[in-house]
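Chemist: Sending over a structure as structure tokens; questions will come in a sec.
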Amino acid sequence: MLDLEATYKQFGERVFNIALQYLRNVEDAEEVTQDVFLTVYNKQSQFEGKAQLGTWIHRIAVNKSLDFIKARNRQKRGGGLLSYLTGTTENVAQPNNELNHPGVALEHRELVSKWFHRIDQLAENQRTAIVLVRIEEFSPAEAAAIMNLSVKAVDALLQRAKKNLIKIELKSEGK
Amino acid sequence: MKKPASIGPIDTNFGSVIDTKSMNERDPLTPGVNIARVSPSPYLFTRIQSKVDSMKDVPQQMGWVSWASIVVGVVLIFFIEVNAVRSGFSSAKVDITKNFSSPTEQLY
């Protein structure tokens with residue numbers, strides 16, 4: 001039987017920060033963290049012990065964060081359609097696009113917000129590689145284990161992400 | 001006499017990080033400034049624990065409800081079946097006598 005409190009103490013902050021890098025909103029990140037630990041508690045019997053416990057929990061955190069974004073986007077599309085059909089803007093769930101990231105200093109908000117906006121235009125796995133390796137500072141081997149890929153594949157994802165980010169930047173500058 | 005060198009305009013943004021590097025110069029995989037680690041709310045684990053506790057309660061309640069519904073269901077089905085079998089037999093009797101009586105009547 002998993003000691004939930006000890007597990008939370010060990011991995012809670014990391015899980016919260018992973019979710020925060022994806023969602024950039026404290027409330028949403030806390031919701032995802034809660035969901036991650038409820039899943040860990042409910043599916044502890046499914047943990048086969050092939051991977052490390054941390055790797056398994058961090059993988060759940062990545063998947064839950066991506067699911068949360070997808071749900072938010074669906075809500076956005078649904079809300080847009082609803083407001084179009086009814087001609088109202090009331091009771092429509094608005095996505096949280098504002099950067100509510102306490103880890104970013106106020107004077108850097110604009111710069112980081114733009115960077116995150118560029119990151120959002122990348123493919124899901126490239127974004128995950130950046131979040132894990134560059135922001136959360138997992139080693140490529142740890143990130144590869146979380147993403148269920150080889151270290152080479154993670155390196156390739158980062159290289160592709162770098163090229164794409166330069167293209168996005170040049171495009172936004174109109175060059 | 002040599003003129004003293006101009007001090008120039010005072011930098012009012014002293015201390016802040018200004019990102020003047022172009023995309024090719026700096027690493028595009030990082031924002032260029034530090035993103036600090038953040039601690040979640042100290043009440044977050046309490047919330048998770050209370051959710052887990054409420055989930056623990058649900059199966060026990062559900063267990064009691066499901067057992068009761070199974071018992072009621074079995075008793076109900078038993079009575080319905082007994083009733084159906086009884087009425088089924090009686091109707092079958094009628095059919096059997098009818099079917100057997102008519103051909104014999106025709107023979108004679």
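The values are calculated or read from the model by the stated rules, or taken from the named source; none is laboratory data. Predicted, not measured: the structure shown is a model, and the values here were computed from it. As a convention, Cβ positions derive from the backbone with ideal geometry for all residues, glycine included, and neighbour counts pool all protein chains shown.
Chemist: Counting only residues that are closer than 16 Å to A:Asn148 by Cβ, surrounded by fewer than 20 Cβ atoms within 10 Å (Cβ to Cβ) and under 13 Å from the mean Cα position of the chain (by Cα), how many does segment A:31-59 have?
Modeler: Residues meeting the conditions: 1.
Chemist: Still on this structure, please answer the following. With respect to the numbered conditions (1) over 19 Å from A:Arg134 (Cα atoms); (2) charged (D, E, K, R); (3) touching a strand residue (DSSP E or B) at 6+ places or on another chain (Cβ under 7 Å), which one is the sole condition not fulfilled by A:Arg24?
Modeler: (1)
Chemist: Quick check: is even one residue across segment A:41-52 in a helix (DSSP H, G or I) and under 30 Å from A:Phe116 (Cβ atoms)?
Modeler: Residues of segment A:41-52 in a helix (DSSP H, G or I): A:41-42, A:44-46.
Next, only the ones that are under 30 Å from A:Phe116 (Cβ atoms) stay: none.
Looking for residues that are in a helix (DSSP H, G or I) and under 30 Å from A:Phe116 (Cβ atoms), one finds none in segment A:41-52, hence no.
Chemist: Determine if segment A:112-127 includes at least one residue that is surrounded by 20 or more Cβ atoms within 10 Å (Cβ to Cβ), at pLDDT 95 or above and under 16 Å from A:Ile57 (Cα atoms).
Modeler: The answer is no; no qualifying residue exists.
Chemist: Give me the pairs, please: first residue somewhere in segment A:22-47 and free of Cβ contacts under 8 Å to residues at least 40 places away in the same chain and within 11 Å of chain B (Cβ to nearest Cβ), second residue anywhere and polar (S, T, N, Q) and crowded, with 20+ Cβ neighbours inside 10 Å, beta-carbon distance under 6 Å, and either six or more positions apart or on two chains.
Modeler: Cβ pairs passing all conditions: A:Val32/A:Ser65.
Chemist: Among the residues of segment B:10-58, which ones are over 30 Å from A:Leu158 (Cβ atoms) and at pLDDT below 50?
Modeler: Residues of segment B:10-58 that are over 30 Å from A:Leu158 (Cβ atoms), as a first pass: B:10-15, B:41-58.
Selection gives B:Ile10, B:Asp11, B:Thr12, B:Asn13, B:Phe14, B:Gly15.
Chemist: What is the residue count in segment A:128-153 for residues that are touching a residue at least 40 places away in the same chain (Cβ under 8 Å) and either in contact with a strand residue (DSSP E or B) (Cβ under 6 Å, 6 or more places away or on another chain) or over 20 Å from A:Ala51 (Cβ atoms) (or both)?
Modeler: Qualifying residue count for the region: 1.
Chemist: Can we say A:Ala145 is facing chain B (nearest Cβ under 10 Å), surrounded by 15 or more Cβ atoms within 10 Å (Cβ to Cβ) and at pLDDT 95 or above? First the steps, then the outcome.
Modeler: Working: facing chain B (nearest Cβ under 10 Å): no; surrounded by 15 or more Cβ atoms within 10 Å (Cβ to Cβ): yes; at pLDDT 95 or above: yes.
So A:Ala145 does not fit the description; no.
Chemist: Let me ask something additional. Quick check on A:Val15: is it closer than 30 Å to A:Val112 by Cβ, surrounded by 16 or more Cβ atoms within 10 Å (Cβ to Cβ), at pLDDT 95 or above and more than 10 Å from every other protein chain (Cβ to nearest Cβ)? Explain how you work it out, then say what you get.
Modeler: Working: closer than 30 Å to A:Val112 by Cβ: yes; surrounded by 16 or more Cβ atoms within 10 Å (Cβ to Cβ): yes; at pLDDT 95 or above: yes; more than 10 Å from every other protein chain (Cβ to nearest Cβ): no.
Criteria not met by A:Val15.
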